[in-house]
Amino acid sequence: GLCLLVLRVFIGVHVFLVSCALPDSVVRRFIVRVMCSVLGLLVRQSDPRLRGAGARVFIANHVTPFDHNVVSLLTSCNTPALSGAPGFICWSRGFMELGVTGSRAELVDSLKEYSAHQGNPPLLLFPEEAATNGRAGLLRFSSWPFSILDVVQPVALQVRRPLVAVGVSRGCSQRGWLHVLLSPLRWLPSVPRRADERSEDFALRVQELLAMELGVVSTRITAADRTEHMKRLRHTSRLPFAPGGCPWGRPAARPRVPPSLPGGAPEDVRVVAMAQQVKEVLPHVPLEVIRTDLVQTNCVDTTIANLLEGRVPFFPESKEAGDLPAPSTSQAAAASGIQGSVPAPSSKPATKQFAKSPVERHLSLQERKRALYDYARR
């Protein structure tokens, strides 16, 4: 493994030097593509005839930090640098500097001016603005890439790795490139803007087409939601007995501790407090089932996900799932001063059978949270 690492680093330096020395042409792309195949990065495309010669904006899903390098092995394109320090590092990674540090409106105006010159290569944009593993769904597309031109060409990008899953966390993305990668790329026909169609609707339509081509879900989860989720995962991985964040890493052992400790130990009090939090979100789940899973996961979010996705079997309690839970001690104290002034809100009863789609489950959970927030405010 160490010998293979040294060999790939040596060849990778030569790939970088060849990319810098040779001008952008078919010859350079062929040489770099062959050298990348020696590194273990195999790129193939399907239906290259669908790639329109007049396409000026390519829209692709985002899987790895090197997606723009993969597409540039097949065709000439430029990806603007939206973040990161400008200078040599930005140039060496293959990004294009526009010198725009202001708002998105200034960025869009600069890209419109760039696309107006026919001699410039096409733009390659990633409306998701954050990388995913490409197996579950697409993040919500931003609308600004679709306000540059009225015609865009979608590109469906996938990354596969034999025997090892693709991860998007920092450790997985860095160590994952030591394994062999296969990047299938599919060109879709160009999509024009409809008459009087807003950029938001245009982005949603292209997102649906790409999701259908990739066989994933078109979600409304934004890049900010993904960033918050990764923060929670990193926080969970630092807790004791937390499962590892990388899909190829060895998972941590889950301790088999009885659900209750004698003498009211602090750990038992902590489990009871976390169980009450889960109970407020999922009132139809028995408290004993929640405690048992919390002892194993030691994380409220992981337990809620296990219960929602059916990894922990249970029989719902006779109490209706849609009823609001009893207020906690802090809520009762806050509500004592306004008792009788504001009635408790009524919420529609939730079904005991959760939907198969993760988007519908996410929406159901958000509705429960909103109902709890409104009840706490009152």
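Quick note: the coordinates plus some simple rules give every number you see, no bench work behind them. Keep in mind that what you see is a predicted model, and the values were worked out from it rather than measured. Positions of Cβ are backbone-derived with ideal geometry, glycine not excepted, and every protein chain shown enters the neighbour counts.
How would region 23-62 be classified by its alpha-carbon gyration tensor: rounded, prolate or oblate, with rounded meaning a/c under 1.5 and the a/b versus b/c comparison settling the rest?
Here region 23-62 falls in the prolate category.
Treating only the Cβ atoms of Lys and Arg (+1) and Asp and Glu (-1) as charged, compute the dipole magnitude of region 23-103 about its Cα centre; round to the nearest 20 debye.
Details: 8 positive and 4 negative charges, 55 e Å.
My answer is approximately 260 debye.
Provide the FRET efficiency to the nearest 0.05 for the Val9-Tyr373 pair, computing r from the beta carbons and using R0 = 51 Å.
Values: r = 51 Å, r/R0 = 1.01.
Approximately 0.50, to the nearest 0.05.
Considering only Trp144, His117, Val18, whose Cα is most displaced toward the positive end of the charge dipole of region 1-154, charges sitting on Cβ of Lys, Arg (+1) and Asp, Glu (-1)?
The residue sitting farthest along the positive end of the dipole is Val18.
For region 277-321, which trypsin sites (Lys or Arg not before Pro) pass both filters: DSSP loop (anything but H, G, I, E, B) and at most 14 other C-beta atoms within 10 Å?
Arg311, Lys319
Would you tally the net charge around Ser76, using a Cβ to Cβ cut-off of less than 14 Å, leaving Ser76 out, and scoring K and R as +1, D and E as -1? Write down the numbers at each step before the final one.
Values: positive: Arg28, Arg29, Arg33, Arg51, Arg56; negative: Asp24.
Neighbourhood net charge equals +4.
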